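Peer 1: My structure is below; once you've seen it, I'll send some questions.
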Amino acid sequence: HMDGVSKTYPGGKKCFENIRLSFLPGVKIGVVGVNGSGKSTLLRIMAGLGDVTTGTVKFWEQGYDVVGDKGRKLAFVFQNATLMPWARVRKNVRLPLDLEHQRGPEVETKIDDALEMVGLKGFDHAFPRELSGGMQMRASIARAMVTEPNLLLMDEPFGALDEMTRNKLNDDVLKLWQKNGWTIVFVTHSVYEAVYLSSRVVVMAARPGRIVDDISIDQPFPRNADFRVSTEFAGYCRQVSQALERASAMGQPQEVKA
């Protein structure tokens, strides 16, 4: 739950202001917006990786402050796979468990399960350089999953991948979401990806960043290739695209009339 959240940089420049956003457990929120609307910064604040100037950020499970509270159980997948290049896939996935000083056979089982769920079984001894871009993102997702999070945050993790790989990973994320009951908030520049994955699509405008639309994608799960070519899908994509066009216009300098 984000209530009246604003962030102003030193010097007075506003990143975003008066963000109000609430969601229940188990939903998937896609965040789209024009450049400079503060999408990625907003996601990082949800993760406790930045502070706010005004307002509060509460995590739904226990109602504690996200900023400064270490009791949260969330995972973050960044734009790039951010794997340690000198470490094999298994060690990369193990990293968050090492940071929590977890040891024992149950740790190995967690890693095995995470690798199998993302389709990397048998690649645990490979180095990142030996994997394709899509497989590296799978390893990054496995590293997030191994912590068994309640909240999964993703900052445009599939943006650099080709469309076929991206669609496949979208389908994989939906399957993992159904199996694990995550709450997912993700930033994307793709209207199609936002509509396909989301329960709701939040649209942001810039200068200053703010939420200008919150569109419910009222279609059942699981979703598949048939949904991607349906008239309903096209209609939602058009609705989100039109909201983005309005958001873009809001951030343009107004013409001064004589």
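Peer 1: What do you reckon, is Arg200 at pLDDT 90 or above and of a type in the set (Lys, Arg)?
Peer 2: yes
Peer 1: Between a first residue in segment 18-39 that is assigned to a loop (DSSP other than H, G, I, E, B) and open to solvent by 60 Å² or more (accessible area, probe 1.4 Å) and a second residue that is modelled with pLDDT under 85 and acidic (Asp, Glu), which pairs have beta carbons less than 9 Å apart while being 6 or more apart in sequence or on different chains?
Peer 2: Short answer, once both residue conditions are applied: Pro25/Glu61.
Peer 1: Specify the residue that is farthest from Leu176 (Cα to Cα); the eligible residues are those in segment 226-251 that are without any contact (Cβ under 8 Å) to a residue 24 or more places away in the chain and open to solvent by less than 70 Å² (accessible area, probe 1.4 Å).
Peer 2: My answer is Ala249.
Peer 1: Name the residue, out of Arg88, Arg103, that is touching a Leu at 6+ places or on another chain (Cβ under 9 Å) and among the basic types (Lys, Arg).
Peer 2: Step by step, each of Arg88, Arg103 is checked, and only Arg103 is touching a Leu at 6+ places or on another chain (Cβ under 9 Å) and among the basic types (Lys, Arg).
Peer 1: Mind listing just one residue for me: the one in segment 96-110 that is closer than 17 Å to Val77 by Cβ and open to solvent by less than 30 Å² (accessible area, probe 1.4 Å) and, of those, nearest to the chain's Cα centre (by Cα)?
Peer 2: Ranking the qualifying residues of segment 96-110, first place goes to Pro96.
Peer 1: Sticking with this structure for a sec: Looking at segment 172-197 only, could you name the residues that are at pLDDT below 90 and open to solvent by 30 Å² or more (accessible area, probe 1.4 Å)?
Peer 2: Result: Lys175, Trp177, Gln178, Lys179, Asn180, Gly181.
Peer 1: Which condition number does Asp213 fail, the rest of (1) in a loop (DSSP other than H, G, I, E, B); (2) at pLDDT 85 or above; (3) open to solvent by 20 Å² or more (accessible area, probe 1.4 Å); (4) not hydroxyl-bearing (Ser, Thr, Tyr) being met?
Peer 2: It fails just one condition, (1).
Peer 1: For residues in segment 30-42 being of a type in the set (Val, Ile, Thr) and touching a Leu at 6+ places or on another chain (Cβ under 8 Å), which is nearest to Arg200 (Cα to Cα)?
Peer 2: The extreme case among them is Val31.
The values are calculated or read from the model by the stated rules, or taken from the named source; none is laboratory data. Keep in mind it's a predicted model, so treat the numbers as computed, not measured. Note: ideal-geometry Cβ built from the backbone for every residue, glycine included; neighbour counts use all protein chains shown. Side chains are part of the model used for accessible areas, which takes the heavy atoms of the whole protein and leaves out ligands, DNA and RNA. Shrake-Rupley method; radii C 1.70, N 1.55, O 1.52, S 1.80 Å.
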